[in-house]
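Let me begin by presenting the structure, written as structure tokens, before commenting on it.
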Amino acid sequence: MAFLHGIEHLNIQSDFQPVNYPVTAVIGLVGTADSLFMSKVGGWEANVVYLCSSEKDDAKFGKKGTIPESLKAIRMQASRRGSALVFVVAVCDDQLTPVTAQMIVGTVSSTGQRTGLELFATILGQYGYEPMILIAPHFSSMSGVRDKLQAMSAEKEVMAYIDTPDNMTFTQALTSRGTTGEFANLDEGQKLLFPHFLVANPLYVDDTTTPTEPKTISQPMSAFMAGLRAKVDLEKGWHVSSSNHRVYGVDGMDVNLVFSLGDTAAETNRLNAVGITTAVSMFGNGIVEWGNYTTGFPGNQSPEAFESVRRTRAIMKRAIEQACIPFIDRPLNQANIDSIRNTVNQFLNGLMGRNIIVFGKCLYRKESNPVGQLALGHITFDIEWTPAIPMQRLTFTYKIDLNQLSNLA
């Protein structure tokens, strides 16, 4: 070391990196928009990704089509802490019929040009975050769209909210989850929604107007439920289930369902039992979402079938991944192993401190890191964690204790 008679300053690296939570209240929406607003100044263009954070941004899509309808439903669930960020792709205008599944799914050209849902692959690189919930109201029940949403939810470890078709009955909804049903193959990455909501008809004037317009019209649940999920993320946290939270802007459901908290045979319980999320009219609390499971249930009865558990794991992965990028390509030595382990454990301790998870720990085990693997620069860390599982069933037992009669004065 060179001789120094004086003062020197040395920068010592911290033994851990800060971990930031990813943006979670983000929705990806595909559909149709108002033809009057297409390509006008401040309007929209087909197959272009737009980020909408408020009604002002939403206005570019006009008032007609599935996108304006869905954005309105999402904004009705706005939180005091803000509203969802929505990435929007309009594939065509509301005058084009029919809208095919392929238009919603989209394509990738030989030059890399993308349309429809395929455009969502470009969002992370542009914005640094991406949709955590994917919806295509009125179109997600199409088999081609449903299959694409399922594939995207698996690839990105996000959720896709799937609507049942128009006019589906309760019995049809149940059988759709059977071995030969149209929704039999959905898994932990999807939430199947039945029935549809009834919302105020903007064309209704009064009962004497000719032609008569109904007071309410049917609308798929997915936009409302996606907006509600974003609201719960913002107000209570992404580890909290959106079930038993009020849905705003709806007047009822287009199928009347029997609901009872204590009846396993009630229609709402029977829907939840086959992995279908529904809504109930809760006395004194309005209409609330009802159901914790993804469509991975009942085939998968582990905690991973809960939507809130699956999302918690996905968000933890994103946060840890981003925090550990600076460690990539550093020397494999004890100091860097300790730094990675400390970084993850600091993050997990924070989650435990906020009651987001029950337990979490990052471990470096020699048995998980054989010398041959380490020689290739491959290091494995084991993360053990316990999620905060939704308390969806409460049981109270009652026992008459006659011995207390002896205490009477």
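The values are calculated or read from the model by the stated rules, or taken from the named source; none is laboratory data. Note that the structure is a prediction, hence the values are computed from the model and not measured. FYI the Cβ positions are ideal-geometry reconstructions off the backbone, even for glycines, and counts take in every protein chain you see.
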Return the total of residues in segment 159-209 being within 23 Å of the chain's Cα centre (by Cα), of a type in the set (S, T, N, Q) and over 20 Å from Val30 (Cβ atoms).
2
Lone qualifier among Leu186, Leu174 - being of a type outside the set (Asp, Glu), at pLDDT 95 or above, crowded, with 24+ Cβ neighbours inside 10 Å and in contact with a Leu (Cβ under 8 Å, 6 or more places away or on another chain)
Leu186
Hits in segment 34-81 - residues which are in a helix (DSSP H, G or I) and touching a residue at least 40 places away in the same chain (Cβ under 8 Å)
Ser35, Thr66, Glu69, Ser70, Leu71, Lys72, Ala73, Ile74, Arg75
Which ones in segment 21-33 are assigned to a loop (DSSP other than H, G, I, E, B) and within 16 Å of Cys52 (Cβ to Cβ)?
Val23, Ala25
Return yes when Lys191 is under 15 Å from Tyr293 (Cα atoms), at pLDDT 95 or above and surrounded by 15 or more Cβ atoms within 10 Å (Cβ to Cβ) and no when it is not.
yes
Matching option when the condition is polar (S, T, N, Q), surrounded by fewer than 14 Cβ atoms within 10 Å (Cβ to Cβ) and modelled with pLDDT of 85 or more, among Ser53, Ser14:
Ser53
Out of the residues in segment 82-103 that are of a type in the set (A, V, I, L, M) and part of a strand (DSSP E or B), which is farthest from Arg146 (Cα to Cα)?
Leu85
Looking at segment 17-30, can you tell me whether even one residue there is more than 22 Å from Ala314 (Cβ to Cβ) and at pLDDT below 95?
no
Quick one: how many residues across segment 219-244 are part of a helix (DSSP H, G or I) and closer than 19 Å to Ala200 by Cβ?
6
Could you please find all residues in segment 56-91 being hydrophobic (A, V, I, L, M, F, W, C), surrounded by fewer than 21 Cβ atoms within 10 Å (Cβ to Cβ) and more than 22 Å from the chain's Cα centre (by Cα)?
Ala59
Quick check on Ser260: is it in a strand (DSSP E or B) and surrounded by fewer than 18 Cβ atoms within 10 Å (Cβ to Cβ)?
no
The conditions are (1) closer than 30 Å to Ala305 by Cα; (2) basic (Lys, Arg); (3) surrounded by 12 or more Cβ atoms within 10 Å (Cβ to Cβ), and Arg330 fails exactly one of them. Which is it?
(1)
Count of segment 352-409 residues which are in a loop (DSSP other than H, G, I, E, B), under 22 Å from Arg311 (Cα atoms) and touching a Ser or Thr at 6+ places or on another chain (Cβ under 6 Å)
1
Scan segment 124-132 and give yes if some residue there is hydroxyl-bearing (Ser, Thr, Tyr), under 23 Å from Trp238 (Cβ atoms) and not in a loop (DSSP other than H, G, I, E, B), otherwise no.
yes
Restricting the search to segment 139-157, which residues are surrounded by fewer than 24 Cβ atoms within 10 Å (Cβ to Cβ) and either of a type in the set (Asp, Glu) or in contact with a Gly (Cβ under 8 Å, 6 or more places away or on another chain) (or both)?
Asp147, Gln150, Ala154, Glu155, Glu157
